[in-house]
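A.B. asks: So that we are looking at the same thing, I have put the structure below in structure tokens.
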Amino acid sequence: MTDPFPIYSILAGVLFFAGLAGVFLLRHFGRKIIALNITGGAVFLLLVTYAQRSEDGVIDPVPHAMVITGLVVAVSASALALALTHRVYQETGQIEFPEDHE
Amino acid sequence: MNAGMILDVLLAGFIAWLAFKSLTVPDFFRAIIFFIAFGLGMALAWARLVAPDVAIAEAAIGAGLLGVLLIKSSHALPEKASPKVSLSRRWLIGFILFGALGGGIHFSSLVLNAPAAEGLGALATKHLESSGVEHPVTAVLLNYRAYDTWLEIAVLMLALWVILAIRGPSAPAESTPVTKPGIQFRTALSRGLVPIIILVSGYLLWAGKFAPGGAFQAGVVLAAGMILASLGGILPPTRWDGRLGLILGLAGFMAFLLVAIFTSLTRFTMLNYPPTQAGSWILFLEVVGTLSIAFLLFAFYLYVVAPPSSGQTRTDDSATQSSPP
Amino acid sequence: MILDTLTLVLGVAGVFFYTAGTFGLLRFPDLFSRLHALTKADNLGLGLIAAALACQADSLAVAAKLGLIWVLALVAGTTNCYLIGSYARRKNRSNQEEAP
């Protein structure tokens, strides 16, 4: 089995910047949350790819634990973000950042 | 160029396509579905990178639970149609593509030149016998870095507290069993699946000692079982944000706190279990942690958005909206 | 040796059924026919692949777990099919009631 490291690190880079572009460019708040999660997934991918690639061949379990922790924290943050978005929509009726073509 | 590499290339391309579609497809609900598929694709990537714990956690939490939260709030966050949809959509797609490709290439050129380093794997396996478990990731989560796990449960609790604190006035107080017609199927499904889910959760908790598994995976599966039970209307009407919720939510944190206090007093280092009894301490923390995590994630599902107010039946399933009874 | 050829045959058959299901998803005109193709073909494909993997399992317990996974996936697939189908039927009915 050849080293999968290059393929997945390139994927991590692509996903990170796609998600980042989405966070800045998407107007709907819910979509920004999705884009943020894609960015987080890219960071996790890079961590686990580094864990798989060590000199002595033993797979490093510490980044695995960090990624599991990070997943749960990301879900908590997303849940909080969704609740906040919903409350903002209830109070102000605003669900998107306004377009500024003017 | 062997079969593994072909699989990796295809999988990476598929994951990138799913992420791109979830960012650019016009309908918010469809974007959520693409995101759930992206999460499952990532779970396959974890499996390819020999990270089975992370694969289970991603499939359960990242794709499953987060997908459920997003779907539940999708009706409450409607997307207003933009007047100039075609031009801005093309700019958006262009920017995302440019950002992805350009950034990815630049980033990868930095990363690919990084040398392979000696990881912590050898160190983790060296102390495995005295850690109380036989699986390295569980040892890291609950022994070497137990402090991180403790604070992670605290993060879950804090998020739930803030969600409950900012609730609007039309928020539900309890999970009511629904009485719509057509609920019999969901009830039958819940009655059949929830016992199996409880068993699987217990098995995952126990298997964390020697195989991929552990408290988080078991907690998420149990939370999924509770969500299924509430959708099927087989949960008794209870106030989940009252005293019961307080006890269940705080239990995990308090268990870690008690163990930390005890070990600081007797062994002068926080969360430093005595090596011969480490297994039992870890099991105790995992059991209480699983119950806490399951309840906290279930409460996320219940309270993340308020159900639609007047004119609709109060139900946990917001995807099928029908006329009031 | 027998087990290996059995794995190969069952795996190829499973992939064939999955491909057939995907063709049905892409080519059928209607939601209900697409649901039909997906539920039948994909679940059978999953069963064949699970059987192929079970031939390679170390012990009977692992093979039984694979079978249990197949049964659970079957239940999930059937549930999804029913829920999507009933929602679509209700929406069709309400659309027909609205149209004068």
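A.B. asks: Using the Cα centre of the protein assembly as shown as origin and beta-carbon charges of +1 (Lys, Arg) and -1 (Asp, Glu), tell me which of B:ALA229, B:LEU265, B:PRO275 is placed farthest towards the positive end of the dipole.
C.D. replies: Positive-end residue among those listed: B:ALA229.
A.B. asks: Thinking of the range B:197-253 as a set of Cα atoms, what percent of all their pairs are more than 13 Å apart? Please list the in-between numbers first.
C.D. replies: Working: 1070 of 1596 pairs.
When every Cα pair of the range B:197-253 is considered, 67 percent fall beyond 13 Å.
A.B. asks: Which residue, A:PHE24, A:PHE44, A:PHE16, tops the fluctuation ranking in a GNM of chain A built on C-alpha contacts under 10 Å?
C.D. replies: Residue with maximal mean-square fluctuation among A:PHE24, A:PHE44, A:PHE16: A:PHE24.
A.B. asks: Need one word for chain A: rounded, prolate or oblate. Basis is the Cα gyration tensor (sqrt eigenvalues a ≥ b ≥ c); a/c below 1.5 gives rounded, then a/b vs b/c decides.
C.D. replies: Because a/c hits 1.5 or more and a/b fails to exceed b/c, chain A counts as oblate.
A.B. asks: Under the Karplus relation 6.51 cos²θ - 1.76 cosθ + 1.60, θ = phi - 60°, what is the ordered set of whole-Hz ³J(HN,Hα) values for the range C:4-14, x standing for Gly and Pro?
C.D. replies: Result, ordered by residue: 5, 5, 4, 4, 4, 5, 5, x, 5, 4, x Hz.
A.B. asks: Counting partner chain Cβ atoms within 10 Å of every residue's Cβ in B:184-194, what's the average? Write out the running numbers ahead of the final one.
C.D. replies: On the way: counts 0, 4, 3, 0, 1, 6, 0, 0, 1, 4, 0.
Per residue, the average neighbour count from other chains is 2.
A.B. asks: Additional query: What is the P(r) of the range B:224-285, as percent of Cα-Cα pairs per 10 Å bin from 0?
C.D. replies: Bin by bin from 0 Å, the calculated values are 19, 33, 22, 19, 7.
A.B. asks: If you build a Gaussian network model of chain B, linking Cα atoms that sit under 10 Å apart, which residue out of B:PRO195, B:PRO52, B:PRO136 swings the most?
C.D. replies: Taking springs between Cα atoms under 10 Å, the residue moving most is B:PRO195.
A.B. asks: In the protein assembly as shown, with Lys and Arg counted as +1 and Asp and Glu as -1 at Cβ, which of these residues, B:PHE300, B:TYR203, B:THR138, has the Cα nearest the positive end of the dipole, that is, farthest along it?
C.D. replies: Checked the options; the winner is B:PHE300.
A.B. asks: Looking at chain B as a GNM with Cα springs under 10 Å, which of B:LEU222, B:LEU92, B:LEU18 has the largest mean-square fluctuation?
C.D. replies: For chain B, modelled as a Gaussian network with Cα springs under 10 Å, the answer is B:LEU92.
A.B. asks: So if we plug the beta-carbon distance of B:THR266 and B:ALA165 into 1/(1 + (r/R0)^6) with R0 = 45 Å, what FRET efficiency do we get, rounded to 0.05?
C.D. replies: Numbers: r = 37 Å, r/R0 = 0.83.
Between B:THR266 and B:ALA165 the formula returns 0.75.
A.B. asks: Tell me, what is the Rg over Rh of the range B:21-146, with Rh the Kirkwood radius over Cα pairs? List each step's numbers first, then the result.
C.D. replies: Details: Rg = 20.5 Å, Rh = 18.3 Å.
Result: Rg/Rh = 1.12.
A.B. asks: Let me ask something else. Fewest to most neighbouring Cβ within 10 Å: what's the order for A:ASP60, C:ASP4, B:ASP241? If you can, show how the numbers build up before the last one.
C.D. replies: Values: A:ASP60 25, C:ASP4 10, B:ASP241 20.
Placing the least packed residue first, the sequence is C:ASP4, B:ASP241, A:ASP60.
A.B. asks: Can you give the Rg to Rh ratio of the range B:148-305, both from alpha-carbon atoms, with Rh computed by the Kirkwood formula?
C.D. replies: 1.03
A.B. asks: Another one. Taking the Kirkwood radius as the inverse of the mean 1/r across Cα pairs, report the Rg/Rh of the protein assembly as shown.
C.D. replies: On the way: Rg = 23.8 Å, Rh = 24.8 Å.
The Rg/Rh ratio comes out at 0.96.
A.B. asks: Placing unit charges on C-beta atoms (Lys and Arg positive, Asp and Glu negative, everything else neutral), compute the dipole magnitude of chain B about its Cα centre in debye, rounded to 20. Show your work: numbers first, answer last.
C.D. replies: Values: 19 positive and 15 negative charges, 171 e Å.
Dipole magnitude for chain B comes out near 820 debye.
A.B. asks: Does chain B come out rounded, prolate or oblate, given a ≥ b ≥ c as the square roots of the eigenvalues of its C-alpha gyration tensor, rounded meaning a/c under 1.5 and, failing that, prolate meaning a/b above b/c?
C.D. replies: Values: a/c = 1.95, a/b = 1.10, b/c = 1.77.
Judged from the Cα gyration tensor, chain B comes out oblate (a/c at least 1.5, b/c at or above a/b).
A.B. asks: Between B:LEU257 and B:SER130, how many nm apart are label points set 7 Å from Cα along the C-beta direction?
C.D. replies: It is 3.1 nm.
A.B. asks: Counting each DSSP H run of 4 or more residues in chain B as -39500 (n - 2.57), what helix-only mean residue ellipticity at 222 nm follows after dividing by all residues, to the nearest 500 deg cm²/dmol? Write out the running numbers ahead of the final one.
C.D. replies: Numbers: 12 runs with 209 residues, N = 325.
The per-residue figure over chain B is -21500 deg cm²/dmol.
A.B. asks: So the label point goes 7 Å from the Cα of C:SER94 along Cα→C-beta, right? Which residues of the range B:28-42 then have their backbone N under 19 Å from it?
C.D. replies: B:28-30
A.B. asks: Compute the distance from the alpha-carbon center of the range B:279-296 to that of the range A:15-35, in whole Å.
C.D. replies: 35
A.B. asks: Here's another thing I want to ask about it. For the range B:2-55, go through all pairs of different Cα atoms, get the mean of 1/r, take its inverse, and jot down that Kirkwood value in Å. Spell out each step's value before the answer.
C.D. replies: Numbers: mean 1/r = 0.0859 Å⁻¹.
Taking the inverse mean of 1/r over all distinct Cα pairs, the range B:2-55 comes out at 11.6 Å.
A.B. asks: Using the basic label-point model (7 angstrom from Cα toward the beta carbon), what is the A:VAL73 to C:LEU3 distance in nanometres?
C.D. replies: 4.4
A.B. asks: Taking a ≥ b ≥ c as the square roots of the eigenvalues of the Cα gyration tensor of chain C, is the shape rounded (a/c under 1.5), prolate (a/b larger than b/c) or oblate? Numbers along the way, then the final one.
C.D. replies: Numbers: a/c = 7.99, a/b = 2.33, b/c = 3.42.
Oblate shape, in that a/c is at least 1.5 and b/c is the bigger or equal ratio.
A.B. asks: Spelling out what I want: for every residue of the range B:187-202, take phi, set θ = phi - 60°, compute 6.51 cos²θ - 1.76 cosθ + 1.60 (Karplus), and round to whole Hz; glycine and proline get x.
C.D. replies: 5, 5, 4, 4, 4, x, 8, 4, x, 5, 5, 5, 5, 5, 4, x
Read-outs throughout are calculated quantities, based only on the coordinates presented, and are distinct from any laboratory measurement. The structure displayed is predicted, hence computed values, not measured ones. In this analysis, Cβ positions are derived from the backbone assuming ideal geometry, glycine residues included, and neighbour counts consider all displayed protein chains.
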